[in-house]
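Visitor: Got a structure here, written out as structure tokens. Questions coming.
The values are calculated or read from the model by the stated rules, or taken from the named source; none is laboratory data. Quick caveat: nothing in here was measured; it's all calculated off a predicted structure. Cβ coordinates were reconstructed from backbone atoms using ideal geometry, including for glycine residues, and neighbour counts include every protein chain displayed.
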Amino acid sequence: MTIESAAPIRPFDRKRYYSAYVISILVLVNALAYLDRQVMLILVEPIQGDLGLSDTQMGIIIGPAFMAFFLAAAMPMGALADRHARNRLLAAGITIWSVATLWAGVRTVSANSRSHGPVSVSAKLASCRRSFRW
């Protein structure tokens, strides 16, 4: 085997790896979006009890109402994607989704702390007073 017949060393193909990076990010975002939709199905009973909804009302919220909103948003977003940079639209969508998820979590935590916080603090203080008599 001569030196001329050896396979040449390929330079680093930045474009190829960048494409794989972008695809993996899109797959991750799509998987998280799918899981986000499935949370509603997992939490049907607590949501029903909290809002006092019947099975029919909950079925409408999960099925046709979600699909109608999804379809109504698909056309304008498709038009925006045709006219503007898709990477910025995707970044804006992920940002809005993340802020909405964060806001929902903060609202839940603050609602729980408002209702349970004072009670738990007073219960802890009462137990401390019983344990440590001065």
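Visitor: In segment 81-93, what residues are in a helix (DSSP H, G or I) and either more than 22 Å from the chain's Cα centre (by Cα) or under 15 Å from residue 33 (Cβ atoms) (or both)?
Guide: Passing the criteria: 82, 83, 89, 90, 91, 92, 93.
Visitor: Failed condition for residue 39, given (1) surrounded by fewer than 10 Cβ atoms within 10 Å (Cβ to Cβ); (2) at pLDDT 85 or above; (3) not small (Gly, Ala, Ser), with all others met?
Guide: It fails just one condition, (2).
Visitor: Considering segment 43-71 alone, what residues qualify as being assigned to a helix (DSSP H, G or I) and either exposed (fewer than 10 other Cβ atoms within 10 Å of the Cβ) or not assigned by TED's automatic domain parsing to the domain that holds residue 26 (or both)?
Guide: 45, 46, 49, 50, 55, 56, 71, listed by residue number.
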